[in-house]
């Protein structure tokens, strides 16, 4: 078979992931906090971007959604308003303002080059800031409080309790080996070899530091942590010791065995368990806790007086930026080198694309939220029992988008409703078929029914998983026993045997 070369012309289609498209997809799946950080970084990096401080019309305009209506979603462009004002801001160039920018930029450059930037404003601020009469500058940072950490708290106590340098060195090493919960997860043999200290010396320091605040630090496991705290309260008697050493029975609510092991009656077991619950299983978390960012809703849903739902984007989570075309015109006019012109062109392209991507992101979130509210109107009116089973495909087909886009939009986005704040993914649940051939039930609403049934139990009437299955089937929910067990475990509810023991003990 002979080999030869030839040229062929073929036509085909392929998806090319340009950097701009990748950025748009990345912005779509960002949370509000991540988006704010990203935009702040772009404002620092791109000189042609500036904040839009005067815009009163965010991309998301309030929409009134009628409850549970059918039909296609209205055209997004028609419902969101006209962007002509924004376009004019991006395209208009004012010559006078450009001259002002040029004068300011030239003056600032000359001052920095000459090293003659005046500090009169800062000097007047220092002189009028109420500082000391000695004329020293006022340090604002000195007035700020510093977050107290577990290491600093323990080190301060170590310096007061231990005066011997060698013991203090051992104590510092032990403090450095603590994890965030305050537990000592370290190889003591390795520590002895590293410090060249005897086991007795390390043990003596360990006994000392275990008396530090907060009680329970330097324990090697949960039992030891509870033991330290009980000893600090002078409550570690033989009965309590037996209870702490058999925490696995306490987790199973096996109070019958605990009574025998502790040698006390049921009332004493109840009191001891209450004391255990008052202890802190993670004492280190009192200090240096990670600051958790509060959930800021991206979408707000309110009931309108006419019975519809008002849906609007949270303007606080929408960073608004503009392209400074005036500054671009001024700088590009004075650019001589080709590299400078290329850099400015890239900055303009990136800035323009970012503005468009942010606008498109807001529009997409609003469109998806509108459809979710339309589908889950019964939930907003009646609660979780009326939650409908919907999928990404259902919403994607309704608003003519791809499922992957819906998935990105609903990730790390939150909706504030009269029922509370929920992640958008919360409204997408699997369907459980109806035993009567009617509409399917949402898995979340079934979980809610299971919790209600178990919460209504009495000590003499504990529901097994099979009994729950029968009750749900009578209510028209076709569900298997293993599904009930899975939902019950996901809710953190123990088995019927453990619940019966607990009800008898505390009933």
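The values are calculated or read from the model by the stated rules, or taken from the named source; none is laboratory data. Predicted model only: the values in this text are computed from it and were never measured. When we count neighbours, we look across all protein chains shown, and the Cβ atoms used for this are built from the backbone with ideal geometry, even at glycine.
Here are the numbers for this structure:
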| read-out | value |
| --- | --- |
| Condition check for residue 44: modelled with pLDDT of 90 or more and either in contact with a helix residue (DSSP H, G or I) (Cβ under 7 Å, 6 or more places away or on another chain) or assigned by TED's automatic domain parsing to the domain that holds residue 351 (or both) | yes |
| Count of the range 454-468 residues which are surrounded by 14 or more Cβ atoms within 10 Å (Cβ to Cβ) and in a helix (DSSP H, G or I) | 4 |
| Qualifying residue in the range 232-254 (condition: in the same structural domain as residue 192 (by TED's automatic domain parsing) and in a strand (DSSP E or B)) | no |
| Matching residues in the range 335-346 - criterion: being free of Cβ contacts under 8 Å to residues at least 60 places away in the same chain and either part of a helix (DSSP H, G or I) or not assigned by TED's automatic domain parsing to the domain that holds residue 411 (or both) | 338, 339, 340, 341, 342, 343, 345, 346 |
| Verdict on residue 444 being within 30 Å of residue 253 (Cα to Cα), surrounded by 14 or more Cβ atoms within 10 Å (Cβ to Cβ) and modelled with pLDDT under 85 | yes |
| Given (1) crowded, with 19+ Cβ neighbours inside 10 Å; (2) touching a strand residue (DSSP E or B) at 6+ places or on another chain (Cβ under 6 Å), number of the condition residue 395 does not satisfy | (2) |
| From 493, 471, 479, residue being outside the structural domain of residue 268 (by TED's automatic domain parsing), surrounded by 13 or more Cβ atoms within 10 Å (Cβ to Cβ), part of a helix (DSSP H, G or I) and at pLDDT 80 or above | 471 |
| Any hit, the range 151-158, residues being free of Cβ contacts under 8 Å to residues at least 60 places away in the same chain and touching a helix residue (DSSP H, G or I) at 6+ places or on another chain (Cβ under 7 Å) | yes |
| Condition broken by residue 260, with the remaining ones in (1) closer than 30 Å to residue 157 by Cα; (2) free of Cβ contacts under 8 Å to residues at least 60 places away in the same chain satisfied | (1) |
| Hits in the range 309-334 - residues which are in a strand (DSSP E or B) and under 27 Å from residue 417 (Cα atoms) | 309, 310, 311, 312, 313 |
| Matching residues, the range 263-280, being in a loop (DSSP other than H, G, I, E, B), free of Cβ contacts under 8 Å to residues at least 60 places away in the same chain and crowded, with 16+ Cβ neighbours inside 10 Å | 264 |
| Exclusive hit being within 18 Å of residue 297 (Cβ to Cβ), buried (at least 16 other Cβ atoms within 10 Å of the Cβ) and in the same structural domain as residue 35 (by TED's automatic domain parsing), set 374, 361 | 361 |
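Results for (1) surrounded by 21 or more Cβ atoms within 10 Å (Cβ to Cβ); (2) at pLDDT 90 or above; (3) farther than 30 Å from residue 294 by Cβ; (4) under 23 Å from the mean Cα position of the chain (by Cα), shown as yes or no for each residue.
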| position | (1), (2), (3), (4) |
| --- | --- |
| 312 | no, yes, no, yes |
| 319 | no, no, no, yes |
| 325 | no, no, yes, no |
| 338 | no, no, yes, no |
| 365 | yes, yes, no, yes |
| 380 | no, no, no, no |
